[in-house]
Amino acid sequence: MINHHPKNDILTAFVSGQLPASVSVVVASHVELCEHCQQQVELITAQQAASAFNSASDNELIGEAPISNSEIDELDMIDMITALEPDTASVETAPVEVAVNSKLLTLPSALRQVVLKEWQGLGKLSRARFDLDDDEMRMSLLHIDKGGSVPTHTHKGFEVTLLLEGSFDDEMGHYSVGDFIWLDGEHTHQPVTQEGCVCLTVSSDAIHFTQGVSQILNPIGRFIY
């Protein structure tokens, strides 16, 4: 069962296209897995559409912003498109699978067009970046092997995590497939997994280790970022 979801303001920004590309991919991947958020996205989409059409109608009634010839052409084109018979033929797209620790993992549909780079490993952690240009943000697959953990840390920026396989625990709870987690510098945690896990992550900056000898690893905190 999925227990952790994007907040409503994140879903609203997702529907209106206001999220960074990499974050939008993670949200879309969660929505694909989560029936609850599918319903929320449908509701928000309907609300935004109704608001847009109502605004257009109000402008016509009060005589604001007269319609130009180019806008008339666009309206004619919209009418032509909406008058077309729907194409009921479905386009089947083969799922994309990647090898993680000698097992195949099927990626969400939103990741089908994004190239995954080579895996790099450090102990029980391994990471493969996605080739997506999104300013300072980095989108990756992160694999933690059975019995592995990430030392206690906080975040210099924000970190978005979507659990794709397995489970893990930290000071804030238990997470299973489909769970969506958004953390920033206000959170400190130590993810631990007994069975192993694979996460889709987006980070805007490096993590910062906060306890014990792990603090000497801060110069390589960007490995996970």
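The values are calculated or read from the model by the stated rules, or taken from the named source; none is laboratory data. Keep in mind that what you see is a predicted model, and the values were worked out from it rather than measured. Here the Cβ positions follow ideal geometry from the backbone for every residue, glycine too, while neighbour counts run over all protein chains shown. Please note that ligands, DNA and RNA were not included when accessible areas were found on the heavy atoms of the full protein model with its side chains. Shrake-Rupley method; radii C 1.70, N 1.55, O 1.52, S 1.80 Å.
Annotations
- Which numbered condition Lys146 fails, given (1) in contact with a strand residue (DSSP E or B) (Cβ under 8 Å, 6 or more places away or on another chain); (2) surrounded by 12 or more Cβ atoms within 10 Å (Cβ to Cβ): (1)
- Selection over region 1-10 of residues that are farther than 13 Å from Val160 by Cβ and either open to solvent by 60 Å² or more (accessible area, probe 1.4 Å) or in contact with a helix residue (DSSP H, G or I) (Cβ under 6 Å, 6 or more places away or on another chain) (or both) gives a count of 4.
- Residue selected from region 156-204 under the condition assigned to a loop (DSSP other than H, G, I, E, B) and of a type in the set (A, V, I, L, M), by the criterion most open to solvent (accessible area, probe 1.4 Å): Met172
- Pairs meeting the criteria (first residue in region 163-177 and more than 16 Å from Pro151 (Cβ to Cβ) and of a type in the set (Ser, Thr, Tyr), second residue surrounded by fewer than 15 Cβ atoms within 10 Å (Cβ to Cβ) and modelled with pLDDT of 95 or more, beta carbons under 7 Å, at least 6 apart or on different chains) are Ser167/His174; Ser167/Glu195.
- Scanning region 133-147 for residues that are at pLDDT 95 or above and not in a strand (DSSP E or B), we see that the one that is nearest to Val114 (Cα to Cα) is Asp145.
- Qualifying position, being within 17 Å of Val198 (Cβ to Cβ), open to solvent by 50 Å² or more (accessible area, probe 1.4 Å) and modelled with pLDDT under 90, among Leu122, Leu84, Leu104: Leu122
- Residue list for region 18-42, restricted to those being out of contact with any Asp or Glu (no Cβ under 9 Å at 6 or more places or on another chain) and open to solvent by 60 Å² or more (accessible area, probe 1.4 Å): Gln18, Glu32, Leu33, Glu35, His36, Gln39, Glu42
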